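Presented below is the structure to which this report refers.
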Amino acid sequence: MLKKLLIFLPVLGFAGSGFWLWQRVQSNPNGVIPSPYTFGPMNEKIAVDAPLLIIGDRMAERMGLFKESLSLEISTGLSKPIKTAVLAADGFGIHRTIRQLENLDKWPKVLIYTGGSQEFVEDKFLLRQMPSIRRNFKRFYDDRWRTLMMLWPESARVVYDPIVRQVLPNEPKAREAEFTDEEYQARLELSLILFEIELNRLVELAKDHGVVLILMSSPVNLDISPKKTCEMTRTPESIKGLADVRELIRQKDYKAAYSMSRELSESNIGNAEIFFLHGQVSYRVGQRAEAIEALTKAAAFDCKPWRATAITNNIIEKVAQEQRVTFFDFAGLVENDWNNNTTFFDETYPQDLYYEKATKSLGIVLKKMLKL
């Protein structure tokens, strides 16, 4: 009996290991990127008949309104203008931009990406799968595992934990219910990691196809108050402090309001409402740089993710530096004029004159890069 048991146990262990391996291989697709979502097949190729293509979300769609100006800037001195096309739409996070690029019939010579403002429009992963997704991202950033998967892509099917992937429709569909504060905080970290992974994927696609790529930051309207302050950042002390600051502002005692709001901002990290108020008071007492810093934090800590922030822009700049592609700081161009001019047309889009400035600057950059 003991002899049979000693034979049976290794066989059982081998069978269990085989089943575990088979399950992972069947559940995980090929590919180095541990994508937590999946699309259905795209039936038709996308035709783009232009050497220069603007891609991204609503920010790129808006930039596309000035494509003729960009074409003229680049084509100065040429007998025939260089055509510019747009492949962007409202609600298109970078995952949809990549899907479009992967289905291009013919690649352009130049890509200009501007986005990062609508990465939370869709749920790109299931909340219950987050622990496994987090482990997969950790393995993705481990150089040892990454090297193995790049040399042997099939190994990704074993390296990554199997997950139930979010199935995305062909067109973006906004989530019907609002994020709870807890859900938003839980999703934020993974969403930003995923954005960086996908941005790197965009760069790799451009390099693989020999395309010149420019990554652009998205302007942030500092004058728009946060839509929502995360409840966990609110305390009885912070609520009272905000009321006291507002009373001092009502009395036009801006110096005292500045001191109090600064103290509140230093002791209440993450409270978007406090940072926004401190930014307003800072500007009134002549502290412009401090005001911009506080208002930038207010936008970043907004508990309702409805626009680009300094966080997404920093990721874009970081990827551009690490991947050695051109970065155009459109957000910085607009921010330099903050409170010296009316910088924004509405909550989201800068005034047309800033798009005109951007096209002129991009035209100069592209002429040098393309040696025109």
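Here, each number is a calculation from the coordinates, and none is a lab measurement. This one's a predicted model, so the numbers in the text were calculated from it and none came from an experiment. Cβ coordinates were reconstructed from backbone atoms using ideal geometry, including for glycine residues, and neighbour counts include every protein chain displayed.
Values as computed for the structure displayed
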{"item": "Pairwise label distance in nanometres, residue 227 with residue 346, each label 7 Å out on the Cα-Cβ vector", "result": "1.4 nm"}
{"item": "Estimated 222 nm signal from helices in the chain, with DSSP H stretches of n ≥ 4 weighted -39500 (n - 2.57), rounded to 500", "result": "-16500 deg cm²/dmol"}
{"item": "Rounded Å value of the spacing that divides the Cα centres of region 312-372 and region 237-287", "result": "31 Å"}
{"item": "Sum of side-chain charges, residue 95 neighbourhood, beta-carbon under 10 Å (Lys, Arg +1; Asp, Glu -1)", "result": "+1"}
{"item": "The chain - charge dipole about Cα centre, Lys and Arg +1 at Cβ, Asp and Glu -1, debye rounded to 20", "result": "1180 debye"}
{"item": "Residue-count net charge about residue 43 - beta-carbon cut-off 15 Å; Lys, Arg +1, Asp, Glu -1", "result": "-2"}
{"item": "Gain in span if fully extended, residue 356 to residue 49, counting 0.36 nm per residue against the direct Cα distance", "result": "108.1 nm"}
{"item": "Exposure proxy ranking, count of Cβ atoms within 10 Å, fewest first, for 334, 159", "result": "159, 334"}
{"item": "Region 123-217: trypsin sites (Lys or Arg not before Pro) in DSSP coil with no more than 11 other Cβ atoms inside 10 Å", "result": "175"}
{"item": "Angle in degrees between helix 236-250 and the longest Cα principal axis of the chain, rounded to the nearest 10", "result": "30 degrees"}
{"item": "The chain: most fluctuating residue of 35, 267, 361 per GNM, C-alpha cutoff 10 Å", "result": "267"}
{"item": "Once exposed loop GluC sites (Glu not before Pro) are cut out (DSSP; at most 16 other Cβ, 10 Å), longest piece of the chain", "result": "179-346"}
{"item": "Low-density loop positions, trypsin sites (Lys or Arg not before Pro), region 269-340 - DSSP coil, at most 15 other Cβ in 10 Å", "result": "324"}
{"item": "DSSP bridge orientation in the chain - percent antiparallel, rounded to nearest 5", "result": "5 percent"}
{"item": "Ranked 208, 161, criterion: other C-beta atoms within 10 Å, fewest first", "result": "208, 161"}
{"item": "Exposure proxy ranking, count of Cβ atoms within 10 Å, fewest first, for 225, 261", "result": "225, 261"}
{"item": "Listed values [x] 183; [y] 229; [z] 242, entry calculated as volume of the Cα convex hull per residue in Å³", "result": "[x]"}
{"item": "Theoretical gain in end-to-end length, residue 39 to residue 321 [0.36 nm per residue, Cα-Cα removed]", "result": "98.5 nm"}
{"item": "Contour minus Cα-Cα distance for residue 209 and residue 144 (0.36 nm per residue)", "result": "20.7 nm"}
{"item": "Cβ charges +1 (Lys, Arg) and -1 (Asp, Glu), total dipole of region 231-300, debye", "result": "280 debye"}
